[in-house]
Amino acid sequence: NAGVMQNPRHLVRRRGQEARLRCSPMKGHSHVYWYRQLPEEGLKFMVYLQKENIIDESGMPKERFSAEFPKEGPSILRIQQVVRGDSAAYFCASSPLLDRNTGELFFGEGSRLTVL
Amino acid sequence: DAKTTQPTSMDCAEGRAANLPCNHSTISGNEYVYWYRQIHSQGPQYIIHGLKNNETNEMASLIITEDRKSSTLILPHATLRDTAVYYCIVRVANFGNEKLTFGTGTRLTIIP
C-alpha cells in the first residue's frame, strides 16, 4: 500500500513564476492537509481539504496561494508569483474516512521549493 | 487545542531508554496527547497517542500522569535512527478534521 506521494520532490523557480505541488493521498484516504516548513522552523498548518471542498484554510496566506482537491486526481497546492520567502518544504498529509479515523495523519516526504 | 511545553533538546546514549517529557497543564477532558517525530528532512511520523491510560506499541510507550497535566514518551532502547525532533501535540480528536498544531518539539540526539 503506497504511502502519501508528493511531487516534485524538489522544485526551483525564479521570482514571479508559478509553483504547483501535487499530493496523492494514501489509498482510501479522502482528507488532505498541507503544511509548510520554513528553514529551521516548525511545521505550520496551511489548509485542509476533502474531495472538491476546502474545509479549513485558516493557515493559508491571503494572496498568491490556493489549493484544490478535485474529484479525480491529486491535490494541488498552487503558489503564484513566487517570492524568495516562499522557499520552504511543503508537506502533505492524509487521513481516512470519518468512521475509520484514529486521529493519525500520514505524511508524505515533502516538496522542497527553492525560489531564486 | 491545549499548549504544550517540551525541552528544546536532549541527548541519550545508544541502547538506553530515551524519556521525553511534555507538559500540558491546560489539557481538557476530551483532548488526546499525540506524539510525532520528524527525522531530518523527512515527513513527520506518527508514534503514539493516548487519552488517559498508558499506551504501548511497537515503537514506544506513552505514560500519562493521573491528572493528565504531563506525559512522557519512552523509547525503550534508543538507536541512532531515533535521532529526530519529537513533537508532543494535544488536541481534541475531532474525527473529520485531524489538523495538528506543531510546536517547536524536542531535538533528541542519540549518542553512539
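Points to keep in mind about this one:
- Scope the stretch A:67-102; condition facing another protein chain (nearest Cβ under 10 Å) and out of contact with any Asp or Glu (no Cβ under 6 Å at 6 or more places or on another chain); matching residues: A:Ala89, A:Phe91, A:Cys92, A:Ala93, A:Ser94, A:Pro96, A:Leu97, A:Leu98, A:Asp99, A:Arg100, A:Asn101, A:Thr102
- Pairs where the first residue, in the stretch A:84-97, is assigned to a helix (DSSP H, G or I) and the second is surrounded by 20 or more Cβ atoms within 10 Å (Cβ to Cβ), C-beta under 6 Å, 6+ apart: A:Asp86/A:Ile79
- Top-ranked residue in the stretch A:32-62 [being assigned to a strand (DSSP E or B), free of Cβ contacts under 8 Å to residues at least 24 places away in the same chain and not hydrophobic (A, V, I, L, M, F, W, C); ranked as surrounded by the most Cβ atoms within 10 Å (Cβ to Cβ)]: A:Tyr48
- Whichever residue in the stretch A:5-46 is under 17 Å from A:Lys71 (Cα atoms) and touching an Asp or Glu at 6+ places or on another chain (Cβ under 8 Å) and, among such residues, is modelled with the lowest pLDDT: A:His31
- Residue in the stretch B:76-85 that is within 11 Å of chain A (Cβ to nearest Cβ), under 21 Å from A:Leu105 (Cα atoms) and at pLDDT 95 or above present: yes
- Residue ID - farthest from the other protein chains (Cβ to nearest Cβ), chosen from residues in the stretch B:34-44 that are crowded, with 18+ Cβ neighbours inside 10 Å and over 8 Å from the mean Cα position of the chain (by Cα): B:Gln38
- Matching residues, the stretch A:1-22, being part of a strand (DSSP E or B) and among the hydrophobic types (A, V, I, L, M, F, W, C): A:Met5, A:Leu11, A:Val12, A:Ala19, A:Leu21
The values are calculated or read from the model by the stated rules, or taken from the named source; none is laboratory data. Just so you know, these numbers come straight off a predicted model, no measurement behind them. Cβ sites come from the backbone with ideal geometry, for glycine too, and all protein chains shown count toward neighbours.
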